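The values are calculated or read from the model by the stated rules, or taken from the named source; none is laboratory data. Here the structure is a predicted model, which is why all the values come from computation and not from measurement. Cβ placement follows ideal geometry from the backbone for every residue including glycine, while neighbour counts extend to all protein chains displayed. Just so you know, the surface numbers come from the protein's heavy atoms only, side chains and all, with ligands and any DNA or RNA stripped out. Shrake-Rupley method; radii C 1.70, N 1.55, O 1.52, S 1.80 Å.
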Amino acid sequence: MDSLYPAIKHIHMTFIALSVLFFIVRFALHLKQSPIMDKKIVKVAPHIIDTLLLLSGLTLCFIIKQYPFQDAWLTEKIGAVVAYIFLATIALKANRPKLFKVFAALGALAWIVYAGKIAMVKQAIIMG
């Protein structure tokens, strides 16, 4: 199973990049009030990407035998990802002024960068 680690990690990182890139594109389209946002693929793709992202992340947890709520760095990373999802949702769906949405989007991106930093060092930063 350890021999699968590099491939699964690569897949996981690819889905992270796709998720963030797709969020940025959707956010730009949202701000422009583009009719593209109403396309089925634009509504369904994030769920598919994020599901595969979650599954690849869970697979990595089992491979490295580290688990949320048991390993502080992983718990903190998941908290950062939850903050990313929360702020990204606000940026895309809240009935707020554009400036508010821009700050929510920037906050979401900051949280995902933070999650990446935690993943790279595999050490909790706030709780550690």
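Whole-Hz Karplus values for the range 115-123 come out as 4, x, 4, 4, 5, 5, 8, 6, 8 Hz, taken residue by residue from phi with 6.51 cos²θ - 1.76 cosθ + 1.60 and θ = phi - 60°; glycine and proline positions read x. Summary value for the range 1-114: 26 percent relative contact order, contacts being C-alpha pairs under 8 angstrom separated by 6+ residues.
Solvent exposure of F62, expressed as accessible area, is near 130 Å², computed with a probe of 1.4 Å over the protein chains only. Over the range 11-96, the pair-distance histogram of Cα-Cα distances with 5 Å bins from zero comes to 3, 13, 20, 24, 17, 11, 7, 4, 2 percent, rounded to whole numbers. Whole-Hz Karplus values for the range 50-59 come out as 5, 5, 5, 4, 5, 5, 5, x, 5, 4 Hz, taken residue by residue from phi with 6.51 cos²θ - 1.76 cosθ + 1.60 and θ = phi - 60°; glycine and proline positions read x. Dipole orientation for the chain: of the candidates L53, P68, A7, L53 has the Cα lying most toward the positive pole (charges on Cβ; Lys, Arg +1; Asp, Glu -1).
Listed by chain and number, the lysines whose C-alpha is less than 24 Å from the C-alpha of K101, apart from same-chain residues fewer than 8 away, are K32, K39, K40, K43, K77, K93.
Rounded to the nearest 10 degrees, the angle from helix 72-93 to the longest Cα principal axis of the chain is 10 degrees. Across the range 84-128, C-alpha contacts under 8 Å between residues 6 or more apart give a mean separation that, scaled by the residue count, equals a relative contact order of 37 percent. The fraction of accessible area contributed by carbon and sulfur in the chain is 72 percent, rounded to a whole number (1.4 Å probe; ligands and nucleic acids excluded).
Inter-label distance, V25 to I78: 3.0 nm, where each label sits 7 Å from its Cα along the C-beta direction.
Rounded to the nearest 10 square angstrom, F27 shows an accessible area of 20 square angstrom against a 1.4 Å probe.
Structural descriptor for the range 1-67: relative contact order 52 percent, calculated from alpha carbon pairs under 8 angstrom and at least 6 residues apart.
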